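Here, each number is a calculation from the coordinates, and none is a lab measurement. Quick caveat: nothing in here was measured; it's all calculated off a predicted structure. Every residue, glycine as well, gets a Cβ built from its backbone with ideal geometry; the counts of neighbours run over all protein chains shown.
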Number of protein chains: 2
Amino acid sequence: MPVTIRDVARASGVHISTVSRTFSAPHLVNPETRVRVLACAEDLGYRPNRAARALITGRTHNIGLIIADIANPFFPPLIKAAESQARHRDYHVFVADTNEDAAAEEELVHALAKQVDGVLLCSPRMSNSLIEQLSREVPLVVVNRQLAGLPCVLMDVGQGARSAIEHLAGLGHREMALLGGPRGSWTSREIRRAASAAARAAGADLTVLGPNPPTETGGLAQAEQVRRAGVTAVLAYNDLMAIGLLEGLDALGVRVPQEVSVVGVDDISLSRLTRPKLTTVATPTAAAGRTAVDMLLQQDTDLPRTARGGGATVAVGVRRTTAQVMLQTELVIRDSTGPGPYAGRERPGTAAAGPGPHRRADPGNPVVAAGDVVAS
Amino acid sequence: MPVTIRDVARASGVHISTVSRTFSAPHLVNPETRVRVLACAEDLGYRPNRAARALITGRTHNIGLIIADIANPFFPPLIKAAESQARHRDYHVFVADTNEDAAAEEELVHALAKQVDGVLLCSPRMSNSLIEQLSREVPLVVVNRQLAGLPCVLMDVGQGARSAIEHLAGLGHREMALLGGPRGSWTSREIRRAASAAARAAGADLTVLGPNPPTETGGLAQAEQVRRAGVTAVLAYNDLMAIGLLEGLDALGVRVPQEVSVVGVDDISLSRLTRPKLTTVATPTAAAGRTAVDMLLQQDTDLPRTARGGGATVAVGVRRTTAQVMLQTELVIRDSTGPGPYAGRERPGTAAAGPGPHRRADPGNPVVAAGDVVAS
DNA sequence: GATCTCCCTGCAAACCTTTGCATTGAAGTA
DNA sequence: TACTTCAATGCAAAGGTTTGCAGGGAGATC
């Protein structure tokens with residue numbers, strides 16, 4: 001039933017190799033023959049069997065995309081961007097969800113290793129050493145985690161957190177809380193580090209609450225703690241948690257931003273739809289998806305995967321590019337942050353007045369720090 | 001570099017076929033040999049090459065999942081459920097996003113056809129005839145669309161829409177609007193049909209606005225129309241649109257539910273977090289994902305795909321199961337619906353008073369209508 | 001007219017695995 | 001002891017494609 005290259009060859013009266021070349025190296029075949037073959041192929045509905053092709057070329061033209069949680073609206077834009085970028089290059093994307101579970105991550109990498117040309121590991125929860133080990137099994141690009149010797153796509157959440165804290169301090173807040181993200185998250189650590197430093201620099205206190213699951217529920221569950229901590233401003237690990245917190249505070253009768261200001265991270269589409277609209281640190285997720293695919297495919301074309309001719313072309317000392325790209329973030333001020341108790345006292349330069357809407361531009365210029373490492 | 005079955009055979013001193021059997025038919029190999037082979041395989045980090053296996057068995061152990069829009073929170077639960085169900089059966093899931101584009105759908109089915117054992121087509125936008133045609137290329141299970149002769153997983157949105165309209169009528173609404181979904185959506189047609197009938201039965205007017213893109217923006221854009229139509233209650237194609245409408249009405253100063261009641265469909269997790277909380281028709285998305293995978297895999301085990309031995313085992317008159325499963329929906333009443341202008345006038349039986357919270361049970365009992373069809 | 005180029009096409013091996021059949025050898029039976 | 005049975009293993013073909021190499025033929029050059 002399935003039509004193979006052989007059927008096309010028979011129909012068009014040429015050898016299968018000619019049919020093969022018609023598709024993979026058209027310039028090598030006579031134009032007349034080519035059109036004839038193409039016509040027959042079209043006619044019969046022939047489509048090359050990618051598995052068979054993969055067997056010999058060593059390239060599946062698939063890439064794996066491992067995601068902590070598809071239900072987190074942070075990821076879909078990244079996934080879509082990665083898919084569209086991949087599709088342009090005739091690659092397909094395998095999306096897999098780990099449910100925020102490090103063990104599932106490892107298993108998925110193994111499972112995907114043989115059927116993809118590379119894996120995008122997004123916001124991994126497993127250890128650095130394990131990631132390094134897995135990278136020997138299949139080319140890896142890591143998103144939202146910095147690892148020496150591996151290509152990484154990072155978002156500058158540190159800068160974002162700093163801006164957020166400075167924004168809050170400028171509004172007159174001194175007692176702040178940070179809702180930490182999940183254990184094992186590089187982003188969470190990064191935000192915490194930067195936020196602490198920024199708070200210290202601004203003369204503010206920062207209470208860290210967490211780690212927490214990075215979901216609405218995780219944020220909602222901390223509402224009580226936030227109130228008890230007596231803070232007037234909160235930075236949450238992500239928008240989902242911030243939205244949950246908004247909900248929780250509302251249930252407790254705490255008004256936002258009059259009594260407590262809330263800032264999220266990610267700028268998911270939802271954060272424009274909450275009441276009040278959420279002030280948040282916009283992360284360039286789509287750009288990250290595109291960039292990660294580019295880096296993976298770049299790496300892929302660099303390393304010939306099939307060692308045709310056996311031991312002759314030993315791949316010793318292959319150079320692997322390990323560029324690390326840092327994408328910029330931007331604070332988007334909306335309605336969930338307002339003046340704090342110290343508004344107008346100090347720091348007179350920073351406007352403590354009503355926050356106007358703030359149009360953000362797409363940060364299209366990644367800061368690139370490239371480096372080459374000799375792979376084993 | 002990649003370790004093959006041959007390496008394992010060499011290391012353990014047996015023939016490759018014995019290694020193969022160790023994995024695919026363990027009972028055929030001597031226990032001692034087996035442990036030795038397994039040890040060697042473990043040692044070398046051997047993992048069978050699925051592409052090569054697929055070439056001969058005709059099964060890739062992958063399934064494709066084609067989704068209109070991953071960013072729509074309706075889908076992630078379905079995807080997760082499908083993935084987890086598939087993983088239990090040692091299958092992997094290829095997720096692809098079509099951006100609500102019928103042409104992209106067709107192309108994706110073609111592209112996936114050869115590298116998966118079957119495709120789950122979720123909320124397709126293309127024509128029935130095209131779907132039927134594609135189903136001859138690769139086994140298909142269709143979700144959210146009813147097609148004779150093809151296995152389908154449906155959610156009873158008709159019943160849901162009816163309940164919603166009855167709920168609104170019971171609250172004293174007579175002038176209602178329906179925000180239609182995207183063109184080509186079976187669900188949208190179904191909702192429209194049922195809602196119209198229910199409105200007629202309840203003596204209410206139903207203005208249909210649309211079709212619309214099934215997003216927040218789509219809903220938001222219709223706020224003005226809704227106000228102009230002078231209706232007091234709106235049923236939206238999905239929660240996303242309902243949420244957008246909420247936003248739009250708020251911007252226009254229209255209070256919900258005091259002036260206009262709003263009902264959505266899907267019960268995405270967000271609808272618990274809007275202000276007011278959204279009354280909606282809960283659809284069993286996770287169950288749909290699980291069921292669809294089950295049906296696909298069932299079909300897959302029924303049809304031997306590789307006709308080894310060539311013409312001898314002609315697959316003529318193969319029976320294909322085409323069960324159609326209808327999953328039940330349920331109205332979840334929250335805070336976005338309230339009494340209408342005719343509250344308490346007629347229909348005294350139906351309580352027009354404040355809507356109490358309503359706990360919904362997981363509708364775990366699918367209504368199954370099975371049928372066998374002889375495939376060509 | 002003979003030789004050389006060069007374009008096009010065919011040939012066959014290779015990729016890694018599965019699986020029907022053949023072979024081996026040991027245990028069981030008469 | 002000779003024969004059957006059966007479990008365990010080896011052999012080799014097959015699956016669909018790519019690709020290095022070789023061959024064929026037409027046109028060009030001398």
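Shielding by partners for peptide A:47-55, expressed as the average number of C-beta atoms from other protein chains within 10 Å of each residue's C-beta, is 6.
Here, region A:225-281 is characterised by an Rg to Rh ratio of 0.93, where Rg is the alpha-carbon radius of gyration and Rh the Kirkwood radius.
Exposure proxy ranking for B:ILE16, A:ILE56, based on other Cβ atoms within 10 angstrom of each Cβ and starting from the fewest, stands as A:ILE56, B:ILE16. Put in order of Cβ neighbour count within 10 Å, fewest first, the listed residues B:LEU120, B:LEU331, A:LEU44 become A:LEU44, B:LEU331, B:LEU120. The residue list B:LEU278, B:THR98, B:LEU240 was ranked by how far each Cα lies along the charge dipole of chain B toward its positive end, using unit charges on Cβ atoms, and B:THR98 comes out on top.
Karplus-derived 3J(HN,Hα) values for region B:33-38, using 6.51 cos²θ - 1.76 cosθ + 1.60 with θ = phi - 60°, are 4, 4, 5, 5, 4, 4 Hz; glycine and proline are entered as x.
Here B:GLY230 yields copy-to-copy label distances, from shortest upward, of 5.8 nm, the label point defined as 7 Å from Cα along Cα to C-beta. The separation of region B:42-105 from region A:1-35, counted between C-alpha centres, amounts to 31 Å. Remark: region B:242-259, residue by residue, has Karplus-estimated 3J(HN,Hα) of 4, 5, x, 5, 3, 4, x, 5, 4, 5, 8, x, 8, 8, 10, x, 4, 9 Hz, where x stands for each Gly or Pro and the curve is 6.51 cos²θ - 1.76 cosθ + 1.60 at θ = phi - 60°. Where the alpha-carbon atoms of the protein assembly as shown are placed on the principal axes, they occupy 77, 67, 58 Å, in descending order. Axis angle, to the nearest 10 degrees, between helix A:157-170 and the longest C-alpha principal axis of chain A: 20 degrees.
Select from A:VAL265, A:VAL293, A:VAL29 the residue whose mean-square fluctuation is largest in a Gaussian network model of chain A (Cα-Cα springs shorter than 10 Å). Checking each option, the largest mean-square fluctuation is seen for A:VAL29. Residues whose amide H falls under 5 Å from that of A:ARG334, counting only those 5 or more places apart or on a different chain, are A:THR279, A:THR280, with hydrogens built in the peptide plane.
Counting DSSP beta bridges with both partners in the protein assembly as shown, what percentage is antiparallel, nearest 5? Numbers along the way, then the final one.
On the way: 18 of 89 bridges.
Roughly 20 percent of the beta bridges in the protein assembly as shown run antiparallel, per DSSP.
Inter-part distance, region B:199-261 to region A:263-293, computed on C-alpha centroids, equals 26 Å.
Return the distance in nm (one decimal) between the two label points of a simple spin-label model at B:SER17 and B:ASP43, each offset 7 Å from Cα along Cα→Cβ. Placing both labels 7 Å along Cα→Cβ, they lie 2.5 nm apart. Database remark: amide H of A:ARG59 closer than 5 angstrom to no amide H (H placed geometrically; neighbours at sequence offset of 5 or more, or on other chains; Pro and chain starts carry no H).
Stokes-Einstein diffusion of chain B at 10 °C, 1.306 mPa s viscosity, Kirkwood radius from Cα pairs, rounded to a whole number: 69 µm²/s.
Going from the residue with the fewest nearby Cβ atoms within 10 Å to the one with the most, B:TYR342, A:TYR237, A:TYR91 rank B:TYR342, A:TYR91, A:TYR237.
Given springs between every Cα pair under 10 Å in a Gaussian network model of chain A, which of A:ARG192, A:ARG36, A:ARG228 has the largest fluctuation? Result for chain A, Cα springs under 10 Å: A:ARG36 fluctuates most.
Put simply, the amide H of A:GLY210, placed in the peptide plane, has neighbours under 5 Å in A:GLY180, leaving out anything fewer than 5 places away on its chain. Rounded to two decimals, the Cα-based Rg/Rh of region B:64-206, with Kirkwood Rh, is 1.05. Using a 10 angstrom cutoff on alpha carbons, build the Gaussian network for chain A and name the most mobile of A:SER129, A:SER84, A:SER271. Result for chain A, Cα springs under 10 Å: A:SER129 fluctuates most. Need one number: % antiparallel among DSSP beta bridges in region B:47-182, to the nearest 5. For region B:47-182, the DSSP antiparallel bridge percentage is about 0.
To the nearest ten degrees, helix B:186-201 and the longest principal axis of the Cα atoms of chain B are 30 degrees apart. Across all Cα atoms of region B:20-123, the radius of gyration (one decimal) and Dmax (whole number) stand at 18.0, 56 Å.
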